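Some notes on the structure that comes next.
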Amino acid sequence: MKKRVISMVLAGVMALSLCACGGSAAEAPAPATEAPAAEEEAPAQEETEAEAPAAEEEAPAAEEASSEPITLNMWCIATESDSNRHSYEAAIADMQAAHPEVTLNWEAFENESYKTKIKAAVSADEMPDIFFTWSCAFLGDFVQAGKVYCLDDVYQNYKDELPVVMLGNSTYEGKHYGVPLTMNIVGLFANMDLLKEAGYDEIPGTYEDFIKCCDDLKAKGITPFGCAGKETWCVTEYLESIIEKSIGAEELNNVFVNGATWNNQGIAQAVDTFQEMIKKEYFDPAGIGLTNDEVKANFMAGKYAFYMNGTWNCADFAANEEFKDKVKVAEFPVIDSSKAKLGQLIGGPSDTLAVAASSPNAERAADYAMELGKLICHYGYLDGCGLPAWTPYGDTSSVNPLTQTVSEIVANADSMVLFGDTAMTADDAQVYLSYVDQVYGSAIDGAGFIEGLASDLR
Amino acid sequence: MQLEERYTLKKSNPAVKVLVYILLVIWAFINIFPIYFMFTFSLKSNEEIFGENVVGLPREWLFSNYVSAMNTGNMGLYFVNSVLVTTVSIFISLAAAMMATYAITRIKWKGANFTNSFFMLGLTIPLQASIVPVYVILSKLHWLNHYSTLIIPYSAFTLSMSILICTGFMVDIPYDLDEAARIDGCGLWGTFGRIIVPLLKPAYATIGIYAFLQCWNEFMFANVFISDSAHRTLPVGIKALSGAYTTDWGPIGAALVIATFPTLIVYIFLCRKIQDSFIAGAVKG
Amino acid sequence: MWKVFDMADKKTIKRKTDFKKGLDIFLFLLPAILLFVGILIAPIAVSLYRSLQKWNGFSPGTFIGFKNYKDLFTSGSINWMTSLKNALIIAFFSVFVQLPFSLLLALLLGRKYKGERFFLTVYFMPVLISTVVIGQLWLKIYNPDYGILNRALAALGLADWQHVWVGDPKTALGSVVVPTIWQYVGYHMLLMYAGVKGVSPDLREAAMLDGATNWQVDRYVVIPVIKPIIRTSVIFAVTGSLKTYDLVRIITNAGPTHKTEVPSTLLEDMLFLRNRYGMGSTISVMLIILCFAFALAITAAFKEKEY
């Protein structure tokens, strides 16, 4: 079991084509040398077991400069009640044991207000040595302003453990600026108790069956979906999946990051499909006035059959004694099989660590961030907070079954498109979210959506 | 205060009186309810808060919410920080406002009116717009992550209002007192220190309440300017109790109770004084 | 301009040398001026400067003249006009509902009802409670499934009137206005009550002896006396409404589809979410101008009516 999961994830990583951010970013080809390692299970295992000595070997090389004691500051969003907290604590404890000469002062801030904080800090050149950031556009603005330290040199020491495809979202003009942590995709979570009431033992795999399942659920008086309208990113989790499964990953990715026009009939139709589902009352009409916390609580209380959201929820669902046996996760079915296929997912590595260019110890901070990122990723995966962007190592059998299912989905993935609001520049993302908001509120239809975005964004 | 005891209601129609009482009591209930809500909220689980039992008493009294708020968030320290920052800010704002108001209202000079208008400009400034410029200034001065990093901006942001309130009180002090003090040989500073400051006592409460409300709940400056948790204040500490995708609301409720109840208790003890000082300030309106 | 606040009928203080006096004035003003210029005026200057630029907050900015100001009023996707309209609606309700109600309470309590102090204390409490709590409470009231409001409507047989209050474009603004107004009734009431109590009892008695009813006394004796307080309250209510922020963020988060956007939420989005610092600065300059203009207009309006 253990070995299977590892190879699955590895194979998945190899097969993926992740979107790259920043128009001119070079598409990173998967290094051919790693492919054999992924195919054979045993060597993969060996490689990870050999990881510890490898780290020791690196140490002397860097030691000339790094024996001197230094203090590094780090900001992140792993607050005490965040599900990532434990992985940060464990990783930092490991780092402190391995590098007693580095004192790490780290502070955690609340997610939304952190965005204000880090932007103000970048404006005032007050960034800490290492900071948490979201990949693609969020980090891109800082990179463009020359505030972020380039990690190309340091990456050479870690390229065996961190597949270069995973750096796509933090690569700008061919240079790497971010250490990816865990990654997540959009999952279709289902409450199997409710599905059973409607006569289903599994989450339907085809769109026709899926729609029929929704109708059957409605007939039983069960609301199929809950979606938080007060937090637009929750709506995009549904809408982007529906669009992707209608027009295919490549076309969607071109629209999100490569400047293809929004004026795309396929998108308009997908939006209409989504609104059709709203019209048929598949969605809880109250959702439009709810926050994600409320919708999630409703889902866990058995109010909705399905809940589409990020796979970071796996940890929470699995931790709830009552709920964990009821819930399953799957991929949204294909709507138009002539264009899309299973394995085309929404998501990718977004959580990232970056190093400030202004840091007096930037080089050592970069090295530290890499190693720390690897550990956070490792523990985060074990905790079920997401999938590893780094090659997993060690015993991963304790990973919860939901996250394991997600690993399998990712392992069989064909391609991934990053969340639209992460992929687009900050300003475009807000315009986009505002249109998504209008779609969910049925203020505009598919045609209005594509026309509005085409004229407002390009 | 005694004079007013003399008049009483005449010709009061009992029906009207009952109606008025009903109105007053209903309104009182509406205003007390949030406190009950906050208290019960702080003892519930997410399941109860989100739907199962919104307004009732907690089914399970989760005092553990308080434990986790105190332990995970270090609320005790944040509370002390908040008290410190708020108290000193109020003090500075009050002192600077009294001095400035004295110069504006009780010394005759050409620019007094203009200076007053200038200070009133402060009432119009949106906080959000000053975050980055003030941050840049503080950063250039290497003045981040201290208590004073918050105290100075807070004092500045409450200054306009403090001056406005002070003006109201100060013009009520008879000018003969200044004259008398001067005859006794007091200079401007002596008059200020011996006559004005003691006579302004009623203004302290009015300004104090206003400044307290501004500083105690302030989040945006505190979030951006303070990066080490040793100097964190309550609003930021409470916010940090929510995770990126999951939030346990019970401990947040507990933290909010910890942040609010001391204020309420102090207020209840001091309310008579506070109300009297409001009245004193308004005697001449 | 703000003379009105400066009601002092100043008497000359015996002159020392002009220099000594000037120095003293300067020293008296120094702390306030330092705080004020350093923390408040410098940012206004920066905002003015940035408002003429296209700037994302980190990279070098480009000077674009008044284009931001033009865009603010012409570009529909910025929602400035919506936010302004909402702020004015809130200001309207604040002035014409909140303040009269505060005044009514102040006048009633001024008549020495039993338990006056108790009511006074209780009515002020919401002001002391964190906006987060107030916001959460109202979200529970509005909740479409288990909210008190919808349940009450159902119980009264008015199920047709049920709404997804904060999510329905028709009711969203209203659901923000109500708590915003409610929270500060106590504050204005206390200010006004103080004024009512300050009215000389002799004046009251004289009017009563002339056969005036309570309402007539309030109307013709008390209200004219506390007019300056009412004016101050109106200025607070209006400038406060223009800068409304907290409850909007918590209750509707400016949604649905920006229907409840207010200038401060828009400002924050531009500055920190959309990386349009230049445009954000433009909004803050506009807000300052608006607040100041309203304060002047209100002052002027009260002056005319005074005689």
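For region B:15-124, please list each of the helices (runs of 4 or more DSSP H) lying entirely inside it that holds at least 1 residues being farther than 30 Å from A:Arg85 by Cβ.
The helices (runs of 4 or more DSSP H) meeting that bar are B:75-105, B:112-120.
Quick check: is even one residue across region C:244-262 hydroxyl-bearing (Ser, Thr, Tyr), assigned to a helix (DSSP H, G or I) and either in contact (Cβ under 8 Å) with a residue 12 or more places away in the chain or more than 8 Å from chain B (Cβ to nearest Cβ) (or both)?
First pass over region C:244-262, keeping only residues hydroxyl-bearing (Ser, Thr, Tyr): C:244-245, C:252, C:257, C:260.
Within this subset, residues satisfying the condition of being assigned to a helix (DSSP H, G or I) are none.
Checked against the condition, which is being hydroxyl-bearing (Ser, Thr, Tyr), assigned to a helix (DSSP H, G or I) and either in contact (Cβ under 8 Å) with a residue 12 or more places away in the chain or more than 8 Å from chain B (Cβ to nearest Cβ) (or both), region C:244-262 yields no hits at all.
If I ask for residues that are in contact (Cβ under 8 Å) with a residue 24 or more places away in the chain, surrounded by fewer than 23 Cβ atoms within 10 Å (Cβ to Cβ) and closer than 28 Å to C:Ile250 by Cα, which ones from region C:100-119 would you list?
C:Phe101
What pairs can you find where one residue is in region A:312-324 and under 9 Å from A:Ser83 (Cβ atoms) and at the interface with another protein chain (Cβ under 10 Å from one of its Cβ atoms), the other is aliphatic (A, V, I, L, M) and part of a loop (DSSP other than H, G, I, E, B), and their Cβ atoms are less than 8 Å apart, with a gap of 6+ or different chains?
A:Trp312/B:Ala244
How many of the residues in region B:120-137 are modelled with pLDDT of 90 or more and within 8 Å of chain C (Cβ to nearest Cβ)?
Total meeting the criteria: 1.
Out of C:Leu120, C:Leu173, C:Leu137, which single residue is more than 12 Å from chain A (Cβ to nearest Cβ) and closer than 20 Å to A:Asn292 by Cβ?
Answer to the check: C:Leu137.
Taking only pairs six or more apart or across chains, which ones have beta-carbon atoms under 6 Å, a first residue in region B:260-283 that is at negative phi, and a second residue that is surrounded by fewer than 18 Cβ atoms within 10 Å (Cβ to Cβ) and modelled with pLDDT of 85 or more?
none
Please work out if C:Val238 is modelled with pLDDT of 90 or more, more than 30 Å from A:Gly229 (Cα to Cα) and part of a helix (DSSP H, G or I).
yes
Give C:Asp160, C:Asp145, C:Asp168 a once-over and let me know the one that is closer than 23 Å to C:Val97 by Cβ and acidic (Asp, Glu).
That would be C:Asp168, the only listed residue that is closer than 23 Å to C:Val97 by Cβ and acidic (Asp, Glu).
Which is out of contact with any His (no Cβ under 7 Å at 6 or more places or on another chain), surrounded by fewer than 20 Cβ atoms within 10 Å (Cβ to Cβ), modelled with pLDDT under 95 and within 14 Å of chain A (Cβ to nearest Cβ), of C:Ser77, C:Ser47?
Just a single option satisfies the conditions, and that option is C:Ser77.
Residue by residue through region A:173-210, note down the ones that are surrounded by fewer than 23 Cβ atoms within 10 Å (Cβ to Cβ) and among the aromatic types (Phe, Trp, Tyr).
Across region A:173-210, the qualifying residues are A:Tyr200, A:Tyr207, A:Phe210.
From B:Lys140, B:Lys108, grab the single residue that is closer than 27 Å to A:Met127 by Cα and either over 23 Å from the mean Cα position of the chain (by Cα) or away from chain C (no Cβ under 13 Å) (or both).
Just a single option satisfies the conditions, and that option is B:Lys140.
Working only within region C:180-207, note down all residues that are among the aliphatic types (A, V, I, L, M) and more than 30 Å from C:Ile90 (Cβ to Cβ).
Scanning region C:180-207 gives C:Val199, C:Leu203, C:Ala206, C:Ala207.
Can you name the residue in region A:297-311 that is without any contact (Cβ under 8 Å) to a residue 40 or more places away in the chain and within 14 Å of chain C (Cβ to nearest Cβ) and, of all such residues, is farthest from the chain's Cα centre (by Cα)?
It comes out as A:Ala301.
Residues are listed down the side, and each one gets a yes or a no for (1) more than 24 Å from the chain's Cα centre (by Cα); (2) charged (D, E, K, R); (3) farther than 25 Å from B:Asn217 by Cα; (4) more than 14 Å from chain A (Cβ to nearest Cβ):
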residue	(1), (2), (3), (4)
C:Leu149	yes, no, yes, no
C:Gly167	yes, no, yes, no
C:Thr180	no, no, no, yes
C:Met192	no, no, no, yes
C:Gly198	yes, no, yes, yes
C:Pro201	yes, no, yes, yes
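Here are some residues: B:Thr101, B:Thr86. Which one is within 30 Å of B:Ile258 (Cβ to Cβ), surrounded by 21 or more Cβ atoms within 10 Å (Cβ to Cβ) and of a type in the set (Val, Ile, Thr)? Spell out how you get there, then give the answer.
Numbers: B:Thr101 fails: within 30 Å of B:Ile258 (Cβ to Cβ).
Result: B:Thr86 is the single residue among B:Thr101, B:Thr86 that is within 30 Å of B:Ile258 (Cβ to Cβ), surrounded by 21 or more Cβ atoms within 10 Å (Cβ to Cβ) and of a type in the set (Val, Ile, Thr).
Restricted to region C:50-74, and to residues that are in a loop (DSSP other than H, G, I, E, B) and among the hydrophobic types (A, V, I, L, M, F, W, C), which residue is nearest to the other protein chains (Cβ to nearest Cβ)? Outline the logic, then answer.
First, the residues of region C:50-74 that are in a loop (DSSP other than H, G, I, E, B): C:51-52, C:55-61, C:64-66.
Retained after the next criterion (residues that are among the hydrophobic types (A, V, I, L, M, F, W, C)): C:52, C:55, C:58, C:64, C:66.
Working: C:Leu52: 15, C:Trp55: 10, C:Phe58: 4, C:Ile64: 15, C:Phe66: 18 Å.
Only one residue fits best here, namely C:Phe58.
Quick check on my filter: what residues within region A:293-343 are out of contact with any strand residue (DSSP E or B) (no Cβ under 9 Å at 6 or more places or on another chain), over 14 Å from A:Leu194 (Cα atoms) and hydrophobic (A, V, I, L, M, F, W, C)?
Of everything in region A:293-343, those that are out of contact with any strand residue (DSSP E or B) (no Cβ under 9 Å at 6 or more places or on another chain), over 14 Å from A:Leu194 (Cα atoms) and hydrophobic (A, V, I, L, M, F, W, C) turn out to be A:Ala297, A:Ala315, A:Ala319, A:Ile335, A:Ala340, A:Leu342.
Restricted to region A:86-106, and to residues that are buried (at least 19 other Cβ atoms within 10 Å of the Cβ) and within 14 Å of chain B (Cβ to nearest Cβ), which residue is nearest to A:Cys314 (Cα to Cα)?
Selected residue: A:Ser87.
Quick one: A:Ala413 ticks every box in (1) under 29 Å from A:Asp152 (Cβ atoms); (2) more than 19 Å from the chain's Cα centre (by Cα) except a single one, so which number is it?
(2)
State whether one or more residues within region B:43-54 are buried (at least 16 other Cβ atoms within 10 Å of the Cβ), more than 12 Å from every other protein chain (Cβ to nearest Cβ) and within 25 Å of B:Ile152 (Cβ to Cβ).
No, because not a single residue in region B:43-54 is buried (at least 16 other Cβ atoms within 10 Å of the Cβ), more than 12 Å from every other protein chain (Cβ to nearest Cβ) and within 25 Å of B:Ile152 (Cβ to Cβ).
Please count how many residues of region B:134-148 are part of a helix (DSSP H, G or I) and surrounded by fewer than 23 Cβ atoms within 10 Å (Cβ to Cβ).
6
For A:Ala62, work out the one condition from (1) surrounded by 14 or more Cβ atoms within 10 Å (Cβ to Cβ); (2) modelled with pLDDT of 50 or more it doesn't fulfil.
(2)
Per-residue answers, yes or no, for (1) at pLDDT 90 or above; (2) within 30 Å of C:Glu268 (Cβ to Cβ); (3) surrounded by fewer than 19 Cβ atoms within 10 Å (Cβ to Cβ):
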{"position": "A:Gly380", "(1), (2), (3)": "yes, no, no"}
{"position": "A:Pro392", "(1), (2), (3)": "no, no, no"}
{"position": "A:Thr405", "(1), (2), (3)": "yes, no, yes"}
{"position": "A:Asn412", "(1), (2), (3)": "no, no, yes"}
{"position": "A:Val439", "(1), (2), (3)": "yes, yes, no"}
{"position": "A:Asp445", "(1), (2), (3)": "yes, no, yes"}
{"position": "A:Glu451", "(1), (2), (3)": "yes, yes, yes"}
{"position": "A:Asp456", "(1), (2), (3)": "no, yes, yes"}
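If we scan region B:173-186, do we find a residue that is part of a helix (DSSP H, G or I), within 21 Å of B:Phe91 (Cβ to Cβ), at the interface with chain C (Cβ under 9 Å from one of its Cβ atoms) and of a type outside the set (Gly, Ala, Ser)?
No, every residue in region B:173-186 fails to be part of a helix (DSSP H, G or I), within 21 Å of B:Phe91 (Cβ to Cβ), at the interface with chain C (Cβ under 9 Å from one of its Cβ atoms) and of a type outside the set (Gly, Ala, Ser).
Could you please let me know if C:Lys197 is under 23 Å from A:Asp284 (Cα atoms) and modelled with pLDDT under 85? Quick ask: steps written out before the conclusion?
Working: under 23 Å from A:Asp284 (Cα atoms): no; modelled with pLDDT under 85: yes.
In short, no.
Does at least one position in region A:354-363 carry a residue that is assigned to a loop (DSSP other than H, G, I, E, B) and either buried (at least 23 other Cβ atoms within 10 Å of the Cβ) or at pLDDT below 90 (or both)?
Keep residues of region A:354-363 that are assigned to a loop (DSSP other than H, G, I, E, B), which gives A:357-361.
From what is left, the residues that are either buried (at least 23 other Cβ atoms within 10 Å of the Cβ) or at pLDDT below 90 (or both) are none.
No, region A:354-363 contains no residue that is assigned to a loop (DSSP other than H, G, I, E, B) and either buried (at least 23 other Cβ atoms within 10 Å of the Cβ) or at pLDDT below 90 (or both).
Hey, does region B:278-285 have a residue that's among the basic types (Lys, Arg) and within 14 Å of chain A (Cβ to nearest Cβ)?
Initially, region B:278-285 is screened for residues among the basic types (Lys, Arg), giving B:284.
Filter once more, so that each one left must be within 14 Å of chain A (Cβ to nearest Cβ): none.
No, region B:278-285 contains no residue that is among the basic types (Lys, Arg) and within 14 Å of chain A (Cβ to nearest Cβ).
The values are calculated or read from the model by the stated rules, or taken from the named source; none is laboratory data. Just so you know, these numbers come straight off a predicted model, no measurement behind them. FYI the Cβ positions are ideal-geometry reconstructions off the backbone, even for glycines, and counts take in every protein chain you see.
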